Amino acid sequence: MPLTVLVVDDEPLARDGMKLLLSHQARVESVLSARNGREAIALIQDRKPDLVLLDVQMPRIDGFAVIHAVGAERMPPVIFVTAHDQYAIRAFEIAAVDYLLKPVTEERFALAFTRATRRLRGVPQEENTRQVRAMLDAIANPPKRLERFAVRSGERTIFVPVDEVEWIEASQNYVRLHASAATHLLHVPMNTIETVLDADRFLRIHRSHIVNVQRIAQLWSIAHGQFVIELKSGQRLQSGRTYGDRIRRVLANPF
């Protein structure tokens, strides 16, 4: 089935980049373009595209306001596009909706586009509406504590409780969750993960490592203010030089 796709972004270069990526997709027959939220609302209502690539951060009428104006039940499937907005990303993960982080890579775009087009065939509109409403609710009512991660694995979404995560490892622009004997790749940058985790439960010890404080078995100091942290699983990690003060604050608390 040939697709009509709407690209919504207030930045001309970003729109051109998305159009170029869409030109590599054989199923795309027509590409519409909106420079702002007002144009996006009109095009969605009048042209009814099959898929929308929707920028979150736009002046005056942002991506979420577009959805409110159109109505979640009348929105076509959406791939959200965002910069490193920690609250938006958390909402996307909670609702398990598709999103892309700027700058968008060709590989990541292809994965998101393939997943979205499969959903066009196999997911009822009611499920799309439920996910969009869950995302809007998460944006409006951000949780005080992140309780679980939604990890995409092919067409499945696996929910990993935060307390089961022993440590988190940076993996280029993503992170790898180490939970019991399993590992899960999460498409979120390390700095974003750090901001949404409970600082009382998780401690960043290195630019590439965050540990669950409750999973620390022992630690000892080595040269230059660094530490070796041994987790209950036996995994040992070395802290970075600039993270010594954080670790010493944990050592100062006897409880």
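The values are calculated or read from the model by the stated rules, or taken from the named source; none is laboratory data. Please read all numbers here as calculations on a predicted model, not as lab measurements. Methodologically, a virtual Cβ is constructed for each residue, glycine included, from the backbone with ideal geometry; neighbour enumeration extends over all protein chains shown. Heads up: the accessible areas ignore ligands, DNA and RNA and are worked out on the full protein's heavy atoms, side chains in. Shrake-Rupley method; radii C 1.70, N 1.55, O 1.52, S 1.80 Å.
Enumerate the helices in the chain for which the Kyte-Doolittle hydropathy averages -1.0 or more and the C-alpha atoms extend at least 20 Å along the helix's axis, using complete DSSP H runs. Flagged H segments are 106-122, 125-140. Taken about its Cα centre, the stretch 149-255 carries a charge dipole of roughly 260 debye when the Cβ of each Lys and Arg holds +1 and the Cβ of each Asp and Glu holds -1. Considering only Ala217, Pro189, Val160, the residue lying farthest towards the positive end of the dipole of the chain is Ala217, judged by Cα position with unit charges set on Cβ. Using the 1.4 Å probe convention, the accessible area of the chain works out to 52 Å² per residue with neighbouring protein chains retained. The 1.4 Å probe gives accessible areas that order Ser180, Ser33, largest first, as Ser180, Ser33.
GNM on the chain, alpha-carbon springs under 10 angstrom: the most fluctuating residue among Ala65, Ala182, Ala134 is Ala182. Placing unit charges on each Cβ (+1 for Lys and Arg, -1 for Asp and Glu) gives the stretch 1-82 a dipole about its Cα centre, and among Val78, Val28, Val7 the Cα reaching farthest toward its positive end belongs to Val28.
Note on Asp98: accessible area approximately 10 square angstrom, rounded to 10, probe 1.4 Å, nucleic acids and ligands left out.
For Lys19, the aspartates and glutamates whose Cα comes closer than 13 Å to its Cα, not counting residues fewer than 8 places off in the same chain, are Asp9, Glu11, Glu29, Glu106.
Solvent-accessible area of the chain (1.4 angstrom probe, protein heavy atoms only): carbon and sulfur portion equals 49 percent.
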